[in-house]
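Enquirer: There's a structure below that I have some questions on.
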Amino acid sequence: MSALLKIRQLVKRFDSLAAVDGINLILKEGERRALIGPNGAGKTTLLNLIGGQLRADAGQILFRDRQITHAPPHVRAGWGIARTFQTSSAFSNLSVFENILAAAQAGHGWMRYAPDIQRRAEHMLTSLGLKQKADLPEIQLSHGERRALEIGLALASAPQLLLLDEPTAGLSATETEQIVQLLKGLEDVAMLIVEHDMNVVQRLADSITVLHQGRVLAQGSAAEIQANAQVQAVYLGEAYAAT
């Protein structure tokens, strides 16, 4: 697989703090990579730099070998990068279907009423398990359903790269399983996933990057990361290493 995303010596400072400090990372097409690390490691900051919500102080971000380091978020979205956030970005006064339809038609102008756009939205509702809730306003959904809708809004534009920030945070075991199955079923989209639940990470990720103090501490498979002594000391802890 060819490289989809290349990050070279990326830096983001907040006053004297380097939240991202010279990170290098390559994500291949279709790859699912988890970003893990203790709080303050720079995980969400890195997603914000890739998505364009923050501007890098140094380094490069290349998407399909296109220089996007300083491109605004809407331009990156048009090139195939989608993002979810820890809080919902849906319109609370619109129905679930209207939210998906609005996301699916973004960038199509008056084509928003075209039958193919509506069919895509209807298919997305089925994939999300929200078909029975299509006519409900977003505000009436459960927390897990809102997380599914948030992922659906990101997927509606058919991205090549999906950035996921804590997709299972605050969910019950049943809701977490639903989100895991939803993400496992996605095809033709690479994922960069910030996630604290190591069970979710092991089930979803092809590879793992561990961040610590804004730098890459380790990269590898789940087994390699679990066996890494530095990771055990910094993040996973001896109790996890013994399991």
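Every number in this text was worked out from the coordinates using simple rules, so none of it is lab data. As the structure is a prediction and not an experimental result, all values here were calculated from the model. Every residue, glycine among them, receives a Cβ derived from its backbone with ideal geometry; neighbour counts consider all protein chains shown.
Enquirer: Cα to Cα, under 19 Å, and not fewer than 8 places away if on the same chain: which lysines meet these conditions relative to LYS12?
Expert: Within the straight-line cut-off, LYS12 pairs with LYS43.
Enquirer: Place a +1 charge on the Cβ of each Lys and Arg in the chain and a -1 charge on the Cβ of each Asp and Glu, then give the dipole magnitude about the Cα centre in debye, rounded to the nearest 20. Walk me through the numbers on the way to the answer.
Expert: Details: 23 positive and 24 negative charges, 129 e Å.
Here the size comes out at about 620 debye.
Enquirer: Express in nm, to one decimal, how much length is gained between ALA229 and GLU187 on full extension, taking 0.36 nm for each residue of separation and deducting their alpha carbon distance.
Expert: Once the chain is fully extended between ALA229 and GLU187, it gains 11.7 nm.
Enquirer: Moving on to the next point. Quick one: compute the contact order of the chain, relative version, from alpha carbon pairs under 8 angstrom and 6+ residues apart, as a percent. It would help to have the intermediate numbers written out before the result.
Expert: Details: 457 pairs, mean separation 62.5, N = 243.
Contact order relative to length: 26 percent.
Enquirer: Here is a follow-up. Among LYS6/LYS131; LYS28/LYS131; LYS133/LYS184; LYS28/LYS133, which pairs are too far apart, with a Cα-Cα distance over 28 Å? Mind dumping the intermediate values first?
Expert: Working: LYS6/LYS131 37 Å; LYS28/LYS131 33 Å; LYS133/LYS184 22 Å; LYS28/LYS133 35 Å.
Distance filter (> 28 Å) returns LYS6/LYS131; LYS28/LYS131; LYS28/LYS133.
Enquirer: Could I ask something else about it? Using only helices, what value at 222 nm comes out for the chain when you add -39,500 (n - 2.57) per DSSP H run of length 4 or more and divide by the total residues, to the nearest 500 deg cm²/dmol? Let's see the in-between values first.
Expert: Working: 9 runs with 83 residues, N = 243.
Using -39500 (n - 2.57) per qualifying helix, the result is -9500 deg cm²/dmol.
Enquirer: Average the reciprocal distances over every distinct pair of alpha-carbons in the stretch 107-196, invert the result, and give the Kirkwood radius in Å. Write down the numbers at each step before the final one.
Expert: On the way: mean 1/r = 0.0714 Å⁻¹.
Here the Kirkwood hydrodynamic radius works out to 14.0 Å.
Enquirer: Now for a different question. Would you kindly work out the equivalent ellipsoid of the stretch 163-220 from its C-alpha gyration tensor and give its semi-axes, the square roots of five times the eigenvalues, largest first in whole Å?
Expert: Numbers: eigenvalues 86, 40, 18 Å².
They are 21, 14, 9 Å, listed largest first.
Enquirer: Also, I was wondering about something else. Classify the stretch 1-102: rounded, prolate or oblate, from the alpha-carbon gyration tensor (a ≥ b ≥ c, eigenvalue square roots; a/c under 1.5 rounded; otherwise prolate if a/b is larger than b/c)? The partial results should precede the final answer.
Expert: On the way: a/c = 1.85, a/b = 1.41, b/c = 1.31.
The shape class here is prolate.
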